[in-house]
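Remarks on the structure that follows.
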Amino acid sequence: MTMSTITPLKDRDALSTWAADLKTERASGAPVVIRVSMGTCGIAAKTTPVLEALQSEIRSQQKESQIEIVQTGCMGLCHSEPTIEVYDRQTQQSIFYGNVKPEQAPTLIREESSQAFGVDVLTQNWYRPEETDADVETAQARIVLRNTGRIDPESIADYVGTQGYAALANVVTTMQPDEVTQTMIDAGLRGRGGGGFPTGVKWQFAAKQPAGEKYVICNADEGDPGAFMDRAVLEGDPHAVLEAMAISGFAIGAAQGVVYIRAEYPLAIERLELAIQQARDCGLLGTNILGSGFDFDIELKYGAGAFVCGEETALIHSIEGLRGEPIFKPPFPAVEGLWEKPTIVNNVETLANICAIMRRGAKWFRQIGTEKCPGTKVFALAGKVKRVGLVEVPMGTTLRDIIFGVGQGIANDRAFKAVQTGGPSGGCLKTEDLDTPIDYESLRALGSMMGSGGMIVMDEDDCMVNIAKYFLEFTLDESCGRCTPCRIGNKRLHEMLVKVCSGRADMRTLEKLRQLSDTIKDTSLCGLGQTSPNPVLSTLRQFRREYLDHVMNHKCTAGVCSALVRYDINERCVGCTLCARNCPVSCITGAPKEHHEIDQERCIKCGVCQQACKFHAVDKH
């Protein structure tokens with residue numbers, strides 16, 4: 001079977017033969033491969049014209065036999081999209097180019113695997129533990145992202161050619177379900193969706209339930225602001241998730257899997273649908289997989305973008321056609337879940353670890369990361385950092401290494417102020433916390449959490465009170481409203497933060513903020529409500545000076561809270577009238593070539609006057 005044909009695979013040997021044929025076919029292919037990052041971020045950055053220009057130039061220079069173009073998922077180098085990788089098969093060396101423009105295609109194709117003149121060359125700082133040893137200078141280790149940005153996600157042949165479905169073949173033909181579960185327990189993989197519950201233990205709970213109808217659910221309802229880890233995996237390596245779901249189904253005795261994915265991920269949905277059909281056509285999903293007698297199939301269910309449906313019981317209700325609301329536990333889904341049947345729910349990143357563990361073993365996995373938290377963690381590094389992108393690092397890596405190492409520090413030469421981990425449910429950490437190792441317990445001890453992997457960096461121009469208010473506004477919008485502490489308590493919290501930001505609060509307000517936050521944490525029904533006050537509590541503790549400035553001095557040091565900001569025109573004013581002409585409320589007076597004044601009663605603190613002034617004559621304080 002070649003890459004262009006797909007027929008059902010009758011047994012494990014047929015899969016192995018196909019993989020060997022693919023390796024031979026690739027070895028005799030074009031000596032140079034140009035990989036083009038075509039994830040959502042790349043497409044949004046106008047990579048499609050770059051791809052088309054490269055394809056056109058290959059035809060123009062008649063290099064079809066010398067250069068192969070491969071469309072991949074996100075390479076993680078989101079700071080420099082459009083991004084491409086030029087890979088030389090003979091030397092096995094790569095050059096990464098960023099900010100590529102269509103007009104640079106002739107140079108890139110002419111130079112082939114040599115460094116092209118005038119194109120931004122990017123440093124690649126990751127290794128793949130399955131293939132290479134760690135370099136002491138290398139920060140990232142790719143397990144989850146081993147194929148993302150490296151293979152064509154729309155080609156099952158590309159996946160099979162990188163040991164794809166080898167783990168499933170081994171599991172269903174040589175192992176017993178309890179062996180699979182025990183391997184996961186021994187590996188120590190903890191759920192990457194936020195709580196960090198041991199994956200193997202969850203599987204064991206479901207496996208011990210009486211035989212019958214059971215389900216495997218992939219939680220792809222990624223909703224944290226600034227988070228795009230799961231989307232990137234589904235767009236760049238969908239078969240890894242499908243293979244892992246089949247393995248988990250074998251382990252617990254389930255024949256049906258469901259991928260619950262938000263409808264706002266059209267490219268991920270398109271590639272998942274294609275991958276599912278390809279796997280069925282190859283006999284890797286469906287009945288009697290690889291002649292083992294094991295049946296397993298997968299369907300997609302679309303979410304409407306409700307953040308609360310990231311909680312597993314709310315997610316299950318949504319799949320059942322009910323309102324996405326959580327319920328009290330126990331019983332846990334592993335005992336009574338979808339359609340009241342035993343169900344395991346794992347998120348995308350958790351599942352993306354499983355095939356590597358089954359290929360290499362628990363001992364291999366435990367060599368990466370820390371004793372309590374083996375493996376790696378994927379982060380969406382965003383905010384005021386120079387190299388925004390997708391980062392995968394071993395557990396135990398410090399925040400400093402991620403932000404100032406991988407991310408190369410704060411953008412625009414500003415000073416670091418805080419980093420938010422764990423999304424709306426997490427907390428803000430300051431400079432003194434930068435040497436904290438990334439693991440569940442260390443972050444929790446500081447009042448934050450791992451979460452699904454959002455990491456938003458803030459600089460000196462951010463107001464931490466306003467940041468807490470922003471995340472609380474998100475939680476208010478996303479609360480299902482079922483329990484009073486979350487529905488009403490967070491509303492009251494938000495009202496108090498508005499008072500602080502507008503200079504109308506007093507010291508009693510700060511104490512009420514803390515007391516109400518503690519109450520909401522202790523009494524809310526689900527994880528959304530229980531963690532929603534974290535941004536408030538962490539900023540109150542870590543950045544109390546800013547709260548006191550707002551309350552006691554009626555001042556926002558960062559100049560973000562408009563009610564506490566004042567604009568004045570200084571002695572540099574030459575009377576050019578630009579500020580007055582641009583003011584949206586006409587609150588600036590003064591004759592041409594004379595000093596102007598701002599009517600503070602009418603000023604709406606928009607800052608347009610400062611932006612318009614060419615003489616630095618408008619002060620903000």
Study note, to complete from the structure: With Cys587 itself left out, Lys, Arg at +1 and Asp, Glu at -1 over residues whose Cβ is under 14 Å from its Cβ give 0
**Study point:** For a label point 7 Å along the Cα-to-beta-carbon line of Ser114, residues of the range 47-85 with backbone N under 14 Å
**Key:** none
Check your understanding: Expressed as cubic angstrom per residue, what is the convex hull volume of the alpha carbon set of the range 251-393?
Key -> 175 Å³
**Study point:** Which of Ala268, Gly305, Phe197, positive extreme of dipole for the range 177-365 (C-beta unit charges)
**Key:** Phe197
Review point. Points 7 angstrom from Cα along the Cβ direction at Asp13 and Gln62: gap in nanometres?
Key: 4.6 nm
Point to revise | Relative contact order (%) - the range 464-552, alpha-carbon pairs under 8 angstrom, separation at least six | key: 39 percent
Check your understanding: In the range 535-610, what trypsin sites (Lys or Arg not before Pro) fall in a loop by DSSP, with at most 16 other Cβ atoms inside 10 Å?
Key -> Arg566, Arg572, Lys593, Arg602, Lys605
**Study point:** Sequence ranges 384-391, 192-199, 408-415, 613-620, ranked by mean other-Cβ count within 10 angstrom, highest first
**Key:** 384-391, 192-199, 613-620, 408-415
Point to revise | Computed over the chain: relative contact order in percent, which uses C-alpha pairs under 8 Å that are six or more apart | key: 11 percent
Exercise for review: Report the extension gain between Asn125 and Val560 in nm, rounded to one decimal, defined as 0.36 nm multiplied by the number of residues separating them, less their alpha carbon distance.
Suggested key: 153.0 nm
Check your understanding: What number, in nm² with one decimal, is the all-direction average of the projected area of the convex hull of the alpha-carbon atoms of the range 318-409?
Key -> 9.0 nm²
Review point. Amide H neighbours of Cys561 under 5 Å, counting only residues 5+ apart in sequence or on other chains, H built in-plane at 1.01 Å?
Key: none
Point to revise | Spatial separation of Cα centroids for the range 579-610 and the range 334-391, in angstrom | key: 54 Å
Check your understanding: So in the range 11-104, what percent of DSSP beta bridges are antiparallel if you round to the nearest 5?
Key -> 60 percent
Practice item. Taking each pair of different alpha-carbon atoms in the range 161-287 once, compute 1/r for the pair, average those values, and report the inverse of that mean as the Kirkwood hydrodynamic radius in Å to one decimal. Key: 15.5 Å
Revision key, fill the gap. Here FRET efficiency (C-beta to C-beta, Glu460 to Ile488, R₀ 41 Å, nearest 0.05) is 0.70
Exercise for review: At 20 Å minimum axial length over the Cα atoms and a Kyte-Doolittle cut of -0.5, report the qualifying DSSP H helices in the chain, or say none.
Suggested key: 238-252, 266-281, 464-478
Check your understanding: Hey, what's the chain come to in accessible area per residue, 1.4 Å probe, Å²?
Key -> 41 Å²
**Study point:** Partners for Lys301 among lysines (Cα-Cα distance below 19 Å; same-chain residues under 8 apart left out)
**Key:** Lys214, Lys341
Practice item. Measure out, as a whole number of angstrom, how far apart the alpha-carbon centroids of the range 211-239 and the range 548-575 sit. Key: 45 Å
Revision key, fill the gap. Ranking Thr531, Thr83, Thr287, Thr123 from most to least accessible area with a 1.4 Å probe gives Thr287, Thr123, Thr531, Thr83
Exercise for review: Determine, from the Cβ-Cβ distance of Thr519 and Leu476 and an R0 of 22 Å, the FRET efficiency 1/(1 + (r/R0)^6), rounded to the nearest 0.05.
Suggested key: 0.85
Check your understanding: When the convex hull of the C-alpha atoms of the range 376-459 is computed, what volume per residue in Å³ does it have?
Key -> 71 Å³
Practice item. Report the normalised scattering of the chain as log10 I(q)/I(0) at q = 0.07, 0.12 Å⁻¹, calculated by the Debye formula with identical scatterers on the alpha carbons. Key: -0.50, -1.25
Study note, to complete from the structure: Two pseudo-spin positions, 7 Å from Cα along C-beta at Gln209 and at Arg89, lie apart in nanometres by 4.8 nm
Check your understanding: Roughly how many whole Å is it from the C-alpha centroid of the range 16-55 to that of the range 449-517?
Key -> 45 Å
Exercise for review: Note the per residue figure in Å³ for the convex hull of the C-alpha positions in the range 384-515.
Suggested key: 128 Å³
Review point. Among 171-184, 140-153, how do they line up from the highest to the lowest mean number of other beta-carbon atoms within 10 Å?
Key: 140-153, 171-184
Revision key, fill the gap. Mean Cβ-within-10 Å packing, highest first, puts peptides 86-93, 295-302 in the order 295-302, 86-93
Revision key, fill the gap. Any residue on another chain or 5+ positions along whose placed amide H is under 5 Å from the amide H of Thr398 is listed here as Ile438
Exercise for review: Express as a percent, rounded to the nearest 5, the fraction of DSSP beta bridges in the chain (both residues included) that run antiparallel.
Suggested key: 55 percent
Review point. Structure shown: which of Lys491/Lys620; Lys63/Lys386; Lys202/Lys469; Lys417/Lys469; Lys593/Lys620 lie over 26 Å apart, alpha-carbon to alpha-carbon?
Key: Lys491/Lys620; Lys63/Lys386; Lys202/Lys469
Revision key, fill the gap. Around Gln515 (Cβ within 13 Å, Cβ-to-Cβ, excluding Gln515; K/R +1, D/E -1) the net charge comes to +2
Practice item. Find how much the distance from Glu52 to Asn553 grows on full extension, using 0.36 nm per residue of separation minus their present alpha carbon separation; answer in nm with one decimal. Key: 174.6 nm
Check your understanding: Share of the chain's accessible area from carbon and sulfur, percent, 1.4 Å?
Key -> 49 percent
Review point. Between Leu267 and Asp295, what length in nm is gained on full extension when 0.36 nm per residue of separation is reduced by their alpha carbon distance?
Key: 7.3 nm
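The values are calculated or read from the model by the stated rules, or taken from the named source; none is laboratory data. Computed from a predicted model, the values in this text were never measured in an experiment. Backbone-built Cβ (ideal geometry, glycine too); neighbour counts: all protein chains shown. Side chains included, ligands, DNA and RNA excluded: accessible areas come from the protein's heavy atoms. Shrake-Rupley method; radii C 1.70, N 1.55, O 1.52, S 1.80 Å.
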